[in-house]
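Quick notes on the structure that follows.
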Amino acid sequence: MAEPFRETGFFIPADLPQAHLEGALEVATAALRALGVRAGDCHTEIKFTPSGPQVIEVNGRLGGGIPEMLFHASGVSLLRLSMRVALG
């Protein structure tokens with residue numbers, strides 16, 4: 001970990017142990033619910049700390065080059081999915 005919440009990089013797909021993945025999804029979901037997000041794209045950053053995962057950033061957007069990286073890693077187009085959600 002880099003103090004105090006400095007980014008050290010990321011990988012797509014994330015290679016996290018199941019417990020870490022579940023913890024990250026739990027705090028991200030709680031943050032989005034607290035903000036009233038019901039649909040759409042959110043760039044949510046989570047830092048793993050000694051006391052557990054902590055949300056450090058939530059933005060209502062697709063973050064940086066993540067859509068392109070995810071597409072190359074998985075073939076999933078976040079832009080296409082986002083448009084489908086927006087169109088119902």
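The values are calculated or read from the model by the stated rules, or taken from the named source; none is laboratory data. No experiment lies behind these values; they were computed from the predicted model shown. Reconstructed Cβ throughout: ideal geometry from the backbone, glycine too, with neighbour counts over all protein chains shown. For accessibility, only protein heavy atoms count, side chains too; no ligands or nucleic acids. Shrake-Rupley method; radii C 1.70, N 1.55, O 1.52, S 1.80 Å.
One table, with the values for the structure above:
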quantity: Cα-Cα pairs of the chain separated by more than 23 Å (percent); calculated: 27 percent
quantity: Rounded to the nearest 20 debye, dipole of the chain from Cβ charges on Lys, Arg, Asp, Glu; calculated: 360 debye
quantity: 12 Å beta-carbon shell around residue 85, net charge (K/R +1, D/E -1); calculated: +2
quantity: ³J(HN,Hα) computed for each position of segment 63-78 - Karplus, 6.51 cos²θ - 1.76 cosθ + 1.60, integer Hz, glycine/proline x; calculated: x, x, x, 4, x, 5, 5, 5, 4, 5, 7, 10, x, 8, 9, 5
quantity: Stretch gain in nm, segment residue 72-residue 16, where the contour uses 0.36 nm per residue and the Cα spacing is subtracted; calculated: 18.2 nm
quantity: Using a Förster distance of 41 Å, the FRET efficiency for residue 26-residue 83 (Cβ separation, nearest 0.05); calculated: 0.90
quantity: Sequence-separation-based contact order of segment 14-60, relative, with Cα cut under 8 Å and 6+ spacing, percent; calculated: 36 percent
quantity: J(HN,Hα) series, segment 29-39, from Karplus relation 6.51 cos²θ - 1.76 cosθ + 1.60, nearest Hz, glycine and proline x; calculated: 4, 4, 5, 5, 5, 4, 7, x, 6, 10, 7
quantity: Carbon + sulfur, % of accessible area of the chain - ligands and nucleic acids excluded, 1.4 Å; calculated: 58 percent
quantity: Per-residue HN-Hα couplings for segment 14-20 [Karplus 6.51, -1.76, 1.60; θ = phi - 60°; Hz; x = Gly/Pro]; calculated: 5, 9, 9, x, 3, 5, 5
